[in-house]
Structure formats: structure tokens, C-alpha cells
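The values are calculated or read from the model by the stated rules, or taken from the named source; none is laboratory data. What you see is a predicted model; the values in this text were computed from it and never measured. When we count neighbours, we look across all protein chains shown, and the Cβ atoms used for this are built from the backbone with ideal geometry, even at glycine.
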Amino acid sequence: MSSLTVPLFLRYLAISLAFNVAAAAVYVLLLHFGVIRIGIAGIIICVAAGCGVVAGAYFRRRQGRLAKWGECWRISAVLLSPHIVLTSLNLAIAFATWITSFDKELLETSPFLGEMILNACFIILMMLTISAIAFRFGSQMTTLPAKGWRKLKR
């Protein structure tokens with residue numbers, strides 16, 4: 001399994017970086033045009049699920065078997081560490097764009113920072129759960145070629 005961990009980690013990091021950059025760009029554009037006010041949690045969950053499915057499919061292709069639940073939790077915990085760093089950067093961008101509408105006195109007198117930390121802990125646990133489930137789902141994908149419209153007989 002150790003020969004699989006490093007390529008899987010690098011692949012997950014690259015996919016997570018690409019998904020986070022795209023999610024941040026979409027978020028800033030939607031915020032700029034007034035479509036949303038704040039909705040970063042949904043973007044974070046989508047990124048974790050997408051990366052988990054791709055990593056699970058890579059696991060299935062390399063190992064040739066379905067990942068066990070214990071493996072899903074361990075691998076997801078390891079793979080989630082760079083994703084948490086990238087998500088923190090994404091949250092910092094969202095916080096910097098969103099916080100300008102608040103008054104500084106409101107931030108100093110309210111327990112806003114404590115709520116943000118509690119929210120971050122909850123999101124990390126949610127990301128771990130969703131990433132493990134998505135990893136398992138991705139490892140259930142078959143490695144056989146699909147029987148699609150290209151393979152139809154006339």
C-alpha cells in the first residue's frame with residue numbers, strides 16, 4: 001500500500017488544487033454579481049466529494065479491488081490534509097471578500113471568531129466523512145471499458 005500512497009497523495013493534491021481554484025473563481029464571480037451572499041460550505045463539500053471519487057477510482061485501478069471501509073477512513077484522513085490547507089485558503093478568500101460588509105465594532109464585540117472556529121471543526125469532520133464515502137464509491141467503479149454509444153452495433 002505504501003507504493004500507492006505517494007502517487008495517490010500527489011494526484012489528490014493536484015485535483016484538490018484544481019477544484020479549489022475553480023470553486024474560488026466561481027464563488028467570487030457569483031458573489032460579485034450578487035447571486036449569492038455566502039455559500040462556501042456547499043462548494044467545500046462538492047470539492048471533497050469530487051476528489052474522493054477520483055482518488056477511489058485511482059485506488060481501484062491500481063489495486064484491482066474494492067477498498068475496505070477501514071482503508072477508506074485511513075486514506076481519506078491522509079489525503080484530506082492538503083485539502084484542508086487549500087480549503088483554508090479558499091475560506092480566507094471568502095472571508096476577505098465577505099467581511100468587508102461588517103462593522104469592525106461588531107466583530108470585536110461578538111463571538112464571531114469562536115463561531116468560525118467551531119464551524120471549521122464541523123466542516124473538517126464533514127469533509128472527512130464525505131471524502132471517505134466518496135472514496136469508497138469511487139473504488140466501486142469498474143475498470144472495464146464502458147458499453148456506450150460508441151460500441152453499439154448497427
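The selection criterion, being loosely packed, with under 11 Cβ neighbours inside 10 Å, at pLDDT 70 or above and farther than 23 Å from residue 17 by Cβ, holds for residue 142.
Would you say residue 67 is in contact with a helix residue (DSSP H, G or I) (Cβ under 6 Å, 6 or more places away or on another chain), outside any helix (DSSP H, G or I) and either at pLDDT 70 or above or surrounded by 13 or more Cβ atoms within 10 Å (Cβ to Cβ) (or both)? Answer is yes for this residue. Look at region 1-23: where a residue is loosely packed, with under 13 Cβ neighbours inside 10 Å, no partner that is outside any helix (DSSP H, G or I) and at pLDDT below 75 sits 6+ places away or on another chain with Cβ atoms under 9 Å.
For (1) modelled with pLDDT under 80; (2) more than 14 Å from the chain's Cα centre (by Cα); (3) surrounded by 14 or more Cβ atoms within 10 Å (Cβ to Cβ); (4) assigned to a helix (DSSP H, G or I), each residue gets a yes or a no:
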position: 57; (1), (2), (3), (4): no, yes, yes, yes
position: 72; (1), (2), (3), (4): no, yes, yes, yes
position: 79; (1), (2), (3), (4): no, no, yes, yes
position: 91; (1), (2), (3), (4): yes, no, yes, yes
position: 116; (1), (2), (3), (4): yes, yes, no, yes
position: 119; (1), (2), (3), (4): yes, yes, no, yes
position: 131; (1), (2), (3), (4): no, no, yes, yes
position: 136; (1), (2), (3), (4): no, yes, yes, yes
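Residues in region 24-35 that are of a type outside the set (Gly, Ala, Ser) and surrounded by 14 or more Cβ atoms within 10 Å (Cβ to Cβ): 27, 30, 31.
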